[in-house]
Amino acid sequence: MPRLLQRSRPSEPAPATSVGSDDVSLPEYEPPAFPMNDENKAKLERLVAAQRNDSDARQYEKHLNECSKNLIKAVGSINDLLFQRRRQLARYVEKRRSEGVDDKSEAERELEEYVAELEATISTLTDKSEQALRRVIDCRAEFEDTKTVLESVVVTIKAQQPRPEPKPKKERRQQRRPANDDDDDDDDDEEVEEAEDVPPVVGVIDALRTARKVKMIEYSRLSAYDKYAVHNDYIPFKRTWHDAMHPDNEIPLPDPSTWFDEDGNPVKNVADIQEDDDLVVEREIVDLKCPLSLQAFKTPFSNHKCKHTFEKDAIMSFIRSSGGKAQCPVPGCSKDLTITDLYPDEVMLRKMKRVAEASRRNADATSDVEEEEEEDDPDASIVIGRTNNIKRERNNRRVEDIEED
């Protein structure tokens, strides 16, 4: 006989908890009454030590490096475009003046309007790029200070000594039973004095906030020169920007002390201002050869210690052969260089590219001239060849006559 299966009754739904007016508010934060024990102090110290090799921290640092590189390339690219259009407009003007024409052509007027709009747009983009780079530098400074801040928190927490357990109030009152009202007041004063003698316990959160605030105040007191003008990200940005604005006349980059005014605002076109003030600006002599290998640059590398540029393989081999640290090989320079001080010089690569393009244009122009000369006298080589053959035949005949005699 088949057995009957007893089906379970559907379970009743649980009463829904109301969310809203019945929410329990969290209590206010209370600072710790007792310092950390030794076990928790050791855990905090291990946590801070682990932050040095944290993958998120390395990813954030990599992100900051990419931001700096992209901003440096961007300021060079947009100002290169502006220079090309300005040069194109200058050619229109030069051609018109050489032909003795005063009226501008329609193409020249359109290009002139386009260049004016482009100047305003690129000026705005350059300012935004410069502001963005300074923001990246600020974030990098905050990131680099994180290690110091965390270490300061560990030192603060480890310096706190264990505190004795407080006695219950009833026990203290029995030990100090007052004889009159005046004695009560005296006892209260003694209890207040005892509480004030004990230093307050600083929690981890409070110690972290205090250490961060101290670093922020120190950084805010730095001048714009100390924050940015000597920074390893801002210097190549300024060099690339300057090279894009003055690619032909090789005006040297002004001194970093002139990059910011007294209020910390960036000063634009410092080289142009110096020329307007009738100051003599010496032209920069660009050497495209490595001072160490004496060969033409292929992969130029500069450094953060001095202004000299070397071929990558030559300077790295030189530093490694000296044990990882070597004095700059340029005579008269006493700066010590390491591998970490080196970086690829994008500005030198830009100059090498311009020189290569100029050489190619000159070679094309020379080949065109030679082709025109050959077209003017196409049989010159044939005539010369025939003349040489005739002279050779005459000389051979003279030799034969002499031998017969």
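The values are calculated or read from the model by the stated rules, or taken from the named source; none is laboratory data. Just so it is clear, the model here is predicted, and its values are computed rather than measured. Neighbour counts run over all protein chains shown; Cβ positions are idealised from the backbone, glycine included. Ligands, DNA and RNA are excluded from the accessible area calculation, which covers all protein heavy atoms including side chains. Shrake-Rupley method; radii C 1.70, N 1.55, O 1.52, S 1.80 Å.
Checked against the criterion of being in contact (Cβ under 8 Å) with a residue 12 or more places away in the chain and either surrounded by 16 or more Cβ atoms within 10 Å (Cβ to Cβ) or acidic (Asp, Glu) (or both), the candidates Glu66, Glu112, Glu94, Glu117 yield just one match: Glu112.
When you scan segment 138-156, do you find a residue that is of a type outside the set (Phe, Trp, Tyr), outside any helix (DSSP H, G or I) and at pLDDT below 95, even just one? Taking every residue of segment 138-156 in turn, none turns out to be of a type outside the set (Phe, Trp, Tyr), outside any helix (DSSP H, G or I) and at pLDDT below 95. Being within 42 Å of the chain's Cα centre (by Cα) and open to solvent by 70 Å² or more (accessible area, probe 1.4 Å) is a condition met by at least one residue of segment 73-81. What's the number of the condition Leu222 fails, among (1) of a type outside the set (Ser, Thr, Tyr); (2) modelled with pLDDT of 90 or more; (3) not in a loop (DSSP other than H, G, I, E, B)? Unmet for Leu222, out of (1) of a type outside the set (Ser, Thr, Tyr); (2) modelled with pLDDT of 90 or more; (3) not in a loop (DSSP other than H, G, I, E, B): (3).
All told, Glu130 meets the bar of being closer than 21 Å to Val267 by Cβ, modelled with pLDDT of 90 or more and either touching a Phe, Trp or Tyr at 6+ places or on another chain (Cβ under 9 Å) or loosely packed, with under 12 Cβ neighbours inside 10 Å (or both).
Taking Val347 as the residue in question, decide whether it is surrounded by fewer than 15 Cβ atoms within 10 Å (Cβ to Cβ), among the hydrophobic types (A, V, I, L, M, F, W, C) and touching a residue at least 12 places away in the same chain (Cβ under 8 Å). Criteria not met by Val347. Counting the residues of segment 326-345 that are within 14 Å of Phe301 (Cα to Cα) and part of a strand (DSSP E or B) gives 4.
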